[in-house]
Amino acid sequence: MTEPQPWRRHLFLALFVSFFFYSASVYTSGTALNTAPPASEAALRGQVVFRENNCWACHQIYGLGGYMGPDLTNVVINPDLGPDYARLFIEEGTDRMPKFDLSTNEVDDLIAYLEYAGAAGNYNPKKGKVTWYGTVEYER
């Protein structure tokens with residue numbers, strides 16, 4: 001077995017170092033620190049309510065989740081909608097969204113979670129058409 005030529009070792013080392021620095025550059029570019037304040041206890045409890053009732057199956061936060069219902073990232077902080085709008089759907093449901101019979105505290109916590117999601121970031125979902133029965137249909 002012959003010994004590899006020295007220039008091949010140097011080339012390999014140079015490529016390895018270049019790959020390391022390129023990877024670090026790609027990993028850190030475009031990332032920013034989240035400047036949102038930490039989540040309140042109510043928002044953390046609301047996140048648990050959101051998860052335990054499987055809201056992810058139909059709704060999205062920051063574009064992640066199901067597509068049957070609307071994206072809820074900015075629904076509570078939207079001046080045209082607000083917390084009372086969200087509360088109505090949470091408490092009463094629609095023909096597609098079940099009425100979960102959540103306690104007043106659970107609804108308050110869920111609203112706090114949605115407020116935190118809106119304050120922590122902004123996501124502009126696709127424009128949809130609100131149907132007469134209260135759900136949103138998106139163009140596919």
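Coordinate-derived values only; no laboratory data. What you see is a predicted model, and the numbers here were worked out from it, not measured in a lab.
Full extension of the chain between D95 and L81 yields a length gain of 3.0 nm, computed as 0.36 nm times the residue separation minus the alpha carbon distance.
Computed extension gain for F16 through E41, at 0.36 nm per residue and net of the alpha carbon distance, reaches 4.4 nm.
For D71, the residues whose amide H sits under 5 Å from its own are Q60, ignoring neighbours fewer than 5 places away on the same chain, with H placed 1.01 Å from N.
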